[in-house]
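What follows is a set of notes on a single structure, which appears directly below.
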Amino acid sequence: FSTPGSDDIRYVLDASRPYLEGRDDPLVVYLPAGSLGNEWQAYTENTFRGLGRVVTLDTELMTLPEMEALLREAALLYLPGGNTYLLNHRLHLCKLIDYLRKKVAAGLPVVAFSAGTVLCGKNILTSNNLNIIPTTYFKGLEASPFNFNVHYPDDPLARAVRDDWLSEYHTFQDNPVLLLADGAYVRVTGRKTTLVRGPAWVLRKGTEKQELAEGEAVQS
């Protein structure tokens, strides 16, 4: 997702239900490493109550074996927003990124929005964030062959500015970029990427961006 809901996380909950309902005390691993505080932790735990048991994965206070053990038990990984560069930096610094990438490739379901969505791409170089760390880690989870750009604007002038700098990505990189407006929902299942709903576009190297239709499978 680009956004988690409408002033809430209803989109996240709806996408999580198929992986949690009917299971006995399913574990939701919440990974808010892109944020500077933990102000959303209590809200997340309360909102998932009755659907799944939320445990926060803390990349700074947990050991690598502790984090890996959590992910082995997880029914779902929830990646919220924040700063994508901070999120990726912390995952690399604690050395969890390689294990996490393997778990996702092996089928661990991931529900993500904003910075979490950008992390799911081949790399994070199409994030809207500033590299405030600064980090030198740019490789993403590679859950998709696409890169992601979220919060794609409605205003035509703002879109033109965004398109201009995103086109510079293709000066050095070849993979396409999915542009997700707020409210957009993309599902990745194996090699198949589908726009479930909302406004979204695909930007391929050397071509104009193409608007996607709901239900359309996007070719990489």
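The values are calculated or read from the model by the stated rules, or taken from the named source; none is laboratory data. Note that the structure is predicted; figures quoted are calculated from it, not measured. When we count neighbours, we look across all protein chains shown, and the Cβ atoms used for this are built from the backbone with ideal geometry, even at glycine. Ligands, DNA and RNA are stripped out before the accessible areas are found, and what is left, the full protein with its side chains, is counted by its heavy atoms. Shrake-Rupley method; radii C 1.70, N 1.55, O 1.52, S 1.80 Å.
Could you work out the relative contact order of region 1-55, using alpha carbon pairs under 8 angstrom and six or more residues apart, expressed as a whole percent? Write down the numbers at each step before the final one.
On the way: 36 pairs, mean separation 19.7, N = 55.
This gives 36 percent for region 1-55.
What ranking, highest mean first, results for peptides 142-148, 153-159 when packing means the other Cβ atoms within 10 Å averaged over each residue? Can you show the working numbers first?
Numbers: 142-148: 20.3, 153-159: 10.7.
Highest to lowest by the protection proxy: 142-148, 153-159.
At a Förster distance of 22 Å, what's the computed FRET efficiency of Ser6 paired with Val196, Cβ-Cβ distance as r, to 0.05? Show your work: numbers first, answer last.
Values: r = 16 Å, r/R0 = 0.73.
Efficiency at R0 = 22 Å is approximately 0.85.
Using only C-alpha atoms and all pairs of different ones, pull out the Kirkwood radius for the chain in Å with one decimal. Numbers along the way, then the final one.
On the way: mean 1/r = 0.0568 Å⁻¹.
Hydrodynamic radius (Kirkwood, Cα only) of the chain equals 17.6 Å.
222 nm [θ] for the chain, helices only, -39500 (n - 2.57) per DSSP H run of 4+, per residue, to 500? Spell out each step's value before the answer.
Working: 7 runs with 67 residues, N = 220.
Computed mean residue ellipticity for the chain: -9000 deg cm²/dmol.
Please compute the length gained on full extension between Asn128 and Lys95, using 0.36 nm multiplied by the number of residues separating them and subtracting their Cα-Cα distance. Please list the in-between numbers first.
Details: separation 33, 0.36 × 33 = 11.88 nm, distance 2.45 nm.
Value of the extension gain: 9.4 nm.
Counting only protein heavy atoms and a 1.4 Å probe, tell me what percentage of region 1-120's accessible area is made up of carbon and sulfur. Don't jump to the answer; show the numbers that get you there.
Values: 2680 of 5480 Å².
Here it works out to 49 percent.
Work out the count of Lys pairs in the chain where the Cα-Cα distance is under 22 Å, with the pair 8 or more places apart or on different chains.
17
Just to confirm, what accessible area per residue do you get for region 1-144 at 1.4 Å probe, in whole Å²?
Details: 6740 Å² over 144 residues.
That works out to 47 Å² for each residue.
Taking the alpha-carbon centroid of each part, what is the distance from region 166-187 to region 1-19 in angstrom?
A separation of 21 Å, based on Cα centres.
What's the FRET efficiency of Ala105 with Leu157 using the Cβ-Cβ distance as r and R₀ = 35 Å, to the nearest 0.05? Display every interim value, and only then the final one.
On the way: r = 40 Å, r/R0 = 1.13.
Once the sixth-power term is evaluated, E becomes 0.30.
What nm distance separates the two modelled labels at Tyr43 and Glu211, each placed 7 Å from Cα along Cα→Cβ?
Calculated label separation equals 3.2 nm.
Based on the mean of other beta carbon atoms within 10 Å per residue, what is the order of 44-57, 66-79, most packed first? Before the final figure, lay out the partial values.
Working: 44-57: 16.5, 66-79: 18.6.
Descending packing order for the listed peptides: 66-79, 44-57.
Just want to confirm a number: the relative contact order over the chain, from Cα pairs under 8 angstrom separated by 6+ residues, in percent.
Working: 436 pairs, mean separation 39.3, N = 220.
RCO, the chain: 18 percent.
What is the local net charge at Thr63, summed over the other residues whose Cβ is closer than 15 Å to its Cβ (Lys, Arg +1; Asp, Glu -1)?
On the way: positive: Arg72, Arg90, Lys95; negative: Asp58, Glu60, Glu66, Glu68.
Computed value for this residue: -1.
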